[in-house]
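Colleague: Just passing along the structure, written as structure tokens.
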Amino acid sequence: MVFGWPFQRWNGPIHSRRDASKATIRKRTMTPSEQQEAHLIRSSETDRAATFLDDLNRTVVDLRTSLSVLFDVLGQDACKSQDVSRALGIDKSVSWKVCRLVTSDSVVEAADLIPGQRGMRIFFDRAELAGSPEGPLEEARAAFDRYCDMVEEHAVDRTGLAAILASMRLQDESASETASMRRAAYRENAILRGIKARARMGTFILGPGRGPNLVYDSVHLSGVVGLEWLRSNTTWTISRRSYAGPTAPQGDDRFHPLDPDAVVDGAPILSRYSSPDLQVSSTSAPGSGIREFRLHGDRVGRTSSVNGFAGWFLKEWADFRKEEPNQLGEYQLSIDLPVETTQVDLFVHHSLTTDPEVAATLLDTMQASLIATSVEDIPSLPLRIETIPLGMTNPNVETPLFGDYAGMIGDGFEALGCDASAFSGWRALIDFPPIPSRLALFQKLPVRKPDAR
């Protein structure tokens, strides 16, 4: 069961929204040939990764061992790089890298420290002048040659190897530890795309349904803070809707703008929280059933900066009970523009959950297949996203990203006819997220209580 922004699609009695926004999803079962092909692809990728890691480990360990022997026969201590620099008459940076290579416990870290061919040639030549026996010296040189052959085979050159190692390190680092790298990507993407924003925000509020069935009502909020145009001909989609199949009219009846008096060209704009001069237009492709709501700017730079929020009230949206294949409740926000910070909040009524555990992940939409919709189907980017509990009752909704955010969430609670004390809340944050991607919160679906209200 997947929810998201800014795309909604109705597809038969099961409310299916492709891409960024989905309700109950029934996954298409792969054919045997598709399953075999997918298995072969995964096996091939796994084999290639295993071969690289085996070769990396073997060559780095061999080089480290041979250098350690070389240090012993030279009477040098690898823990004292400055002494090694003076004794061999080599540059301090080369001495430090070689010493760290010998003493490091991590193969990945050691590989990142190995000097280039010129630096290692100087080190070996000076070791020879310092009286190193031929045997240990030639073994160290041969080990370095084997390492260089491995680099050429798997990564072409040191630049390619550095990229592989940097990507591998991401799996062991939190999002905050990679922010500088992503900040640089944000700046470049802003220039290329001609648009940027201070914050991208998405909120999902789930409350008990008012109808006779075991369904729930929900409020979906989405928007940007400090959206700024760098080129006047760029636009950004704040909301998108699609209707397909015979139940489209019924789908229309279930979508309600949270602020009916502020609808702009069909877009559910929240005027109280959006800039007064917000320019919105809607477009649709003939026969596609898709309607997009896009923001425009006729100025560039700081004077073009606007805040824009949209909100839907979804009545009797879907059944909250766990069923195959729906094991997770997922709440996804598409990140499709350069943004400094992205925040996703989830608020769930106490009658709808018995398991308060909520987790977060950053989905890699570039690797998602056309039929992939769930966090179980879409690969996650190797960045740890922390989930911040906002409180089990009267959740603390304040955020420095937008001063009126608490008021907007209060409007959502009011639309559901519920008090804030009846909700639990969670939040996921990431600075300078990669694009395109989706920030997702998810939880195991509980069995809904029969006395939901």
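Each reported figure results from applying straightforward, stated rules to the coordinates on display, with no laboratory input. Values in this document were obtained by computation on a predicted structure and should not be read as measured data. Methodologically, a virtual Cβ is constructed for each residue, glycine included, from the backbone with ideal geometry; neighbour enumeration extends over all protein chains shown.
Colleague: Excluding Asp157 itself, what net charge comes from residues whose Cβ is under 15 Å from its Cβ, given Lys and Arg +1 and Asp and Glu -1?
Modeller: -2
Colleague: For Arg86 and Thr51, calculate 0.36 nm times their separation in residues minus their Cα-Cα distance, and state this gained length in nm to one decimal. The partial results should precede the final answer.
Modeller: Numbers: separation 35, 0.36 × 35 = 12.60 nm, distance 3.93 nm.
Result: 8.7 nm gained on full extension.
Colleague: Additional query: Any idea how far apart Glu398 and Met168 come out in nm if each label point goes 7 Å out from Cα toward Cβ?
Modeller: Distance between the two pseudo-spin positions: 4.5 nm.
Colleague: So who's got an amide H within less than 5 Å of the one on Ala267, skipping anything under 5 residues away but keeping other chains? H placed 1.01 Å off N, in plane.
Modeller: none
Colleague: State log₁₀ I(q)/I(0) for the stretch 39-170 at q = 0.15, 0.23 Å⁻¹ as given by the Debye formula over alpha-carbon point scatterers of equal weight, solvent excluded.
Modeller: With one equal scatterer per Cα and no solvent, log10 I(q)/I(0) is -0.69, -1.44.
Colleague: Run the quick spin-label model on Met366 and Arg146: label points 7 Å from Cα toward the beta carbon, then report their separation in nm to one decimal.
Modeller: 3.5 nm
Colleague: I've got another one for you. Mind listing the phi-derived Karplus ³J(HN,Hα) values for the stretch 132-141, rounded to whole Hz, using 6.51, -1.76 and 1.60 with θ = phi - 60°, and x for any glycine or proline?
Modeller: Those phi angles translate into 5, x, 5, x, x, 5, 5, 5, 5, 5 Hz.
Colleague: Taking neighbour counts of Cβ atoms within 10 Å as a proxy for exposure, in what order, fewest first, do Cys79, Cys418 appear?
Modeller: In order of increasing Cβ crowding within 10 Å: Cys79, Cys418.
Colleague: Let me ask something additional. Each label point is 7 Å from the Cα along the Cα-to-Cβ direction; what then is the distance between the points at Ile122 and Cys79, in nm?
Modeller: Between Ile122 and Cys79, the label points sit 2.7 nm apart.
Colleague: Separate question: Extension gain Thr283-Ser68, at 0.36 nm per residue separation less the Cα-Cα distance, in nm?
Modeller: 70.7 nm
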